[in-house]
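Novice: Before I ask anything, let me first share the structure, which is written out below as structure tokens.
Read-outs: derived from the displayed coordinates by stated rules, not from any lab. Just so we're clear, the structure is a prediction, and the values are computed from it rather than from any experiment. Cβ placement follows ideal geometry from the backbone for every residue including glycine, while neighbour counts extend to all protein chains displayed.
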Amino acid sequence: MSSPIENSTEMGVGDDYYSPSEDDDDDSEGDTESNADHTQVQDGEAEWLGQELEHKVKNVMNLLETEQRKWGGGEYGPSPSKVALLEEYKKREIITGRSNEPTRATTLHIMARNYKSDQYDKIPERIIRPVIRDLLTEFFKTPGSAETEKDKKRSEVPIWVAIILGNSYEFVDQIKAACPERLPDLLEAQDKDGKNALHHIFAWPKRNNGTERSKLKETIKMVTKRASELVPVANGKTIAAQDNDGNTPIHYAANFQQCQNRDDM
């Protein structure tokens, strides 16, 4: 009597019978390597996402500047065709992420504040402007009514505060070039004291004994220049807006104390 295995061969079943081979071992090793690579990518993504937003911004802007990655979505001027697009999770985090700071700063706040200190001002315009454009588009997205969004924005630190703190007025030029229609909205935003950008611009620095005359004159020159650039762009609401003390930007500009004991007047 023949064995069942012998019978299976005779019946043709043995032709379909699976037995591991050396090739199968190679495929198994390939699957293991693929899974390991996938796990490594996931670990790298998780590690990157775990960083503070300010570090993420530095990393991404360095990748863009050195053309290891490109932002995508219409760079200004030619974009190297062989450069890979920035990973989607990185782009999404840069656009929508918030810092762990109490102010919950966005990338826009961070870039405005650190525009000079982190040398974002050295990045070519064709690279940085599409980033700024997309950041502004996200910042002004309105999930609900316009009034609800205004209230929400008022609870945040306005972008122009970050610009003033970082002495990054050149960042305004980037905004004007990348997304000029958004500049009036940025100027209109009020801080917790009800002051908008023009209130602060016209709150000229007061001279004191610790202020050098040359430095004071330079500051005054800069303030005058910025005021002449931004006032024509501001809308009527911004110019007429009252702060918590009931003062408009015009009150600050016309305040006689601004002119007292001024060597430049």
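Novice: Taking 7 Å along the Cα-to-C-beta vector as the label spot, tell me the Ala177-Arg98 distance in nanometres, rounded to one decimal.
Specialist: So the label points at Ala177 and Arg98 sit 3.2 nm apart.
Novice: Could you give the length gained by full extension between Gln68 and Leu165, i.e. 0.36 nm per residue of separation minus their alpha carbon distance, to one decimal place?
Specialist: Here the segment from Gln68 to Leu165 would lengthen by 31.8 nm.
Novice: Return the FRET efficiency for the residue pair Glu52, Glu218: r is the Cβ-Cβ distance, R0 is 45 Å, and the value is rounded to the nearest 0.05.
Specialist: 0.85
Novice: Additional query: Multiply the residue separation of Lys237 and Gln119 by 0.36 nm, subtract the distance between their alpha-carbon atoms, and state the gained length in nm to one decimal.
Specialist: Working: separation 118, 0.36 × 118 = 42.48 nm, distance 3.41 nm.
Residue separation times 0.36 nm, minus the Cα-Cα distance, leaves 39.1 nm.
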